[in-house]
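These notes concern the structure reproduced below.
No value in this document is a laboratory result; all are computed from the given coordinates. Because the structure is a prediction, the values reported are computed rather than measured.
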Amino acid sequence: MYFDIPYCAGKNANAHNVKLLAGVFLKTQDGYETLCPFSDEFPDGISLSYEQGKSMNFTLNPLTPDHLPSMLIAVKGSFTGEEKKVKHTVFDVFKYSTVNGSWVRTMGAEDSAARKFINSLPDRCT
């Protein structure tokens, strides 16, 4: 599975010193399960222009299309802006939208519950 993550310091701006980790989780009847722990950290010195993102790859086996509506991808980390003085924190949770066939940010109670679970995991991202 490939997931494009477009992060930048703002519209028409660049992100520098990008450090992001992504994890894949499955929503179950009892809560959440970790399918792929936070991994795929950016190498040192990575910058992203506002036009590009980072493609993160996951190998999940077995994975069927039936899993997609229950899957979440969380992205945590940080980047600095043009001046490289201010560190911006990133923490986003995405789910697969079967309506338009793409990944969208979670919202409301679903977002709160996912963040609570993810925040309870050991943190590898600074």
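Give me the number: length gained by fully extending LYS87 to THR28, i.e. 0.36 nm times residue separation minus the C-alpha to C-alpha distance, one decimal in nm. Write down the numbers at each step before the final one.
Values: separation 59, 0.36 × 59 = 21.24 nm, distance 3.45 nm.
Full-extension gain reported as 17.8 nm.
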With 0.36 nm assigned to each residue of separation and the Cα-Cα distance removed, TRP103 to THR64 gains 12.4 nm
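Full-extension gain between HIS16 and ASN119, please, as 0.36 nm times their residue separation minus the C-alpha to C-alpha distance.
On the way: separation 103, 0.36 × 103 = 37.08 nm, distance 2.49 nm.
Contour length minus Cα-Cα distance gives 34.6 nm.
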